[in-house]
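The structure appears right after this line, and notes come after that.
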Amino acid sequence: MKRWNGWGDKKVIYPISKHAERFIRKKIGIGFKSRGVDKAFLLSKVSKPKIKEFPFSVDDKFDRLIHSFGQSFPDWLKFKTGLEFNVPDLVCYPQNEDDLKVIVDEAKKRNVNLIPYGGGTSVVGHLEVVDGAKPNISVDMSKMSGLVNIDEYSNIALIKAGTKGPEIEKTLNAKGYTLGHFPQSFEFSTLGGWVVTRSSGQFSLGYGKIEDMFLGGTLYSPNGVFHVKPYNRSAEGVDLREIVLGSEGRIGIVSKCYMKVSKLPNILNVEAAFFPDNESGIEAVRFISQSSIPLTMVRLSLSKETEGILNLASKRLFVGLLENAVKLKGYSENKCLMVYAVAGESKQVNFYKSFIKSVIKKYGGLNIGAFIGKQWLKDRFKMPYLRNTLWDMGYGVDTLETFTTWDNVKNLAKKIEKALKGAFAFSHLSHIYPNGSSIYTTYIFPLEKDKYDTFKKWNSLKSRASETIVENGGVISHHHGIGVDHKTYLRQVKGDLSLKAMKSSFDAFDPYGIMNPKKLVD
Ligand SMILES: Cc1cc2nc3c(=O)[nH]c(=O)nc-3n(C[C@H](O)[C@H](O)[C@H](O)COP(=O)(O)OP(=O)(O)OC[C@H]3O[C@@H](n4cnc5c(N)ncnc54)[C@H](O)[C@@H]3O)c2cc1C
């Protein structure tokens, strides 16, 4: 069962070693361990609903409470410390497209805002209730889930938008297919959420970002039903799928999507290598991104993240031995770790492996085999659970991400980490392209006794890093989206004309301004 006031499955915990505790304390000092607020306190803050009934809705205080949060750092402050929040007036649960039509028509008639809710894993404030002047209804898509059909001749699956990652893979795998989309929030996030936030998964190098898999679909908007049949490419003017991708609930509710699926590979092989420093590691992954060899994943932890991974690892004894061994080979504290995956038939896998090993050698790296790779594969959705553990120890955790061209990757990563002074900040490159890479930075910082001081601290860190990104040629988000947290920076990056164009296309679908208002653009 999902934790309502933290990350993930209630049964999963991620304890850390005494060594890891000392490591963090040494890096950023001691944080304030808050006892936090309980459910009863938060429920006492839930205001009376502005409306009493709405089709397919439930008026349940706790349900309304949990639908008011995502997983951004301000969301954590709300459910952990009671920082001010607004809740939706009702939550409704459509079961099919007929229900969606009724919901959208009724909202239009009664001038009620609709906030589509997928898995509630947004990290940039997509689900916040911002427009308190009108009633707000959270539209929970959990009952619209499952595979509709699969065209095994054309490799296209039609999947309902409320389907979560594990169900998608389970049903496709049973037929010998995979979608190949594995964001770290995989356990709880949904297809509809992925599409409208332009999500990216761990195997993006092999299968692409969600926009590379989205072939078409259906969306219920206040101005009517929008249906795009599946296609790869067309010359029918502007590609209107691009308006659905990244729309963040602003134009309507996605009910189902045609997705490109791939045959499940026979073999998935994950291994790891060290490079002497960031320069050699970045050069190696740039070379890989510009080769035509179809690898499934490359993830390069820059040196500070490598230091973090090795010190926070649960298998301390093994890591200690490994560190000593690579030290003997001349690798210092500047070393960086690359984890890579190759998939396919055995002949292909052997060929890809020999290619990547030659690249590792060329750039002065050391292949260390499959142990770390296997551990990574086993724990790949577990890292975020560290957020719960660290919070209990008195530390806040947040992440941010950008994209920039290869000539700027090293420089921008360094500047972002520097801007996060006062926090332990570290980065990796995990979505690489022939022309550039995303940079994903995690920052851990001590919590303050007072919730407002913690908010101020987070806000100052986040603003400094975001300004650094904007001033140094990065995009404000590579795959988390805009929500409310990135709105100011979006204007700076894109300029007024772009935002005007975006807004007027939204208005074509929703001239009433009832779809997830005040997110993305005003
Ligand atoms: C621990 C953790 C790890 C993460 N890792 C990744 C990662 O690796 N890659 C990545 O890309 N993201 C990641 N994220 C961010 C998040 O998971 C993604 O943004 C995800 O796409 C959100 O999907 P969701 O179903 O949870 O949507 P929600 O959070 O419920 O909603 C997000 C937005 O989508 C809208 N929406 C949802 N469903 C629909 C629909 N059917 N129709 C119209 N609008 C809809 C909502 O209104 C909202 O604006 C992570 C988040 C967490 C907490």
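The values are calculated or read from the model by the stated rules, or taken from the named source; none is laboratory data. What you see is a predicted model, and the numbers here were worked out from it, not measured in a lab. So basically every Cβ, Gly included, is an ideal-geometry build from the backbone, and we count neighbours across all protein chains shown.
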*Report whether or not Leu83 is of a type in the set (A, V, I, L, M) and surrounded by 18 or more Cβ atoms within 10 Å (Cβ to Cβ).*
no
*Just need a number here: residues in the stretch 205-231 that are on the phi > 0 side of the Ramachandran plot and either within 11 Å of the ligand (Cβ to nearest atom) or crowded, with 24+ Cβ neighbours inside 10 Å (or both).*
1
*Pull up the stretch 163-181, narrow it to residues that are crowded, with 21+ Cβ neighbours inside 10 Å and part of a helix (DSSP H, G or I), then point me to the one that is farthest from the ligand (Cβ to nearest atom).*
Leu172
*Do we have Gly125 as surrounded by fewer than 19 Cβ atoms within 10 Å (Cβ to Cβ) and under 30 Å from Leu400 (Cα atoms) here?*
no
*Got a sec? Which helices (runs of 4 or more DSSP H) wholly within the stretch 260-350 have at least 2 residues that are more than 14 Å from Leu429 (Cβ to Cβ)?*
303-312, 316-328
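Residue-wise test of (1) among the β-branched types (Val, Ile, Thr); (2) closer than 20 Å to Ile156 by Cβ; (3) touching a residue at least 24 places away in the same chain (Cβ under 8 Å).
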position	(1), (2), (3)
Ile210	yes, yes, yes
Met213	no, yes, yes
Asn223	no, no, yes
Phe226	no, yes, yes
Pro230	no, yes, yes
Val244	yes, yes, yes
Gly249	no, no, yes
Gly252	no, no, yes
*Gly474, sole failed condition from (1) more than 16 Å from the ligand (Cβ to nearest atom); (2) in contact (Cβ under 8 Å) with a residue 24 or more places away in the chain; (3) part of a helix (DSSP H, G or I); (4) touching a Phe, Trp or Tyr at 6+ places or on another chain (Cβ under 9 Å)*: (3)
*Total residues in the stretch 95-128, condition farther than 30 Å from Tyr452 by Cβ and under 25 Å from the mean Cα position of the chain (by Cα)*: 3
*Candidates Lys494, Lys519 - the one that is touching a Lys or Arg at 6+ places or on another chain (Cβ under 9 Å), of a type in the set (D, E, K, R) and either away from the ligand (no atom under 16 Å from the Cβ) or touching a residue at least 40 places away in the same chain (Cβ under 8 Å) (or both)*: Lys519
*asked:* Here's a check for you: in the stretch 487-522, which residue that is hydroxyl-bearing (Ser, Thr, Tyr) and in a helix (DSSP H, G or I) is surrounded by the fewest Cβ atoms within 10 Å (Cβ to Cβ)?
replied: Ser504
*Could you list all residues from the stretch 233-289 that are among the polar types (S, T, N, Q), away from the ligand (no atom under 16 Å from the Cβ) and under 25 Å from the mean Cα position of the chain (by Cα)?*
Ser262, Asn269, Asn278, Ser289
*Any residue in the stretch 113-128 that is away from the ligand (no atom under 14 Å from the Cβ), out of contact with any His (no Cβ under 9 Å at 6 or more places or on another chain) and among the aliphatic types (A, V, I, L, M)?*
no
*Could you look through the stretch 14-28, keep only residues that are surrounded by 12 or more Cβ atoms within 10 Å (Cβ to Cβ) and part of a loop (DSSP other than H, G, I, E, B), and pick out the one that is nearest to the chain's Cα centre (by Cα)?*
Tyr14
*Select from the stretch 34-44 the residues that are modelled with pLDDT of 95 or more and of a type in the set (Lys, Arg) and list them in ascending order.*
Lys39
*asked:* Please go through (1) part of a helix (DSSP H, G or I); (2) under 14 Å from the mean Cα position of the chain (by Cα); (3) more than 25 Å from Glu106 (Cβ to Cβ); (4) of a type outside the set (Asp, Glu) for Gly206 and return the number of the only condition it doesn't satisfy.
replied: (2)
*Which residue out of Gln202, Gln184 is near the ligand (Cβ under 7 Å from one of its atoms), buried (at least 22 other Cβ atoms within 10 Å of the Cβ) and over 22 Å from Val139 (Cβ atoms)?*
Gln202
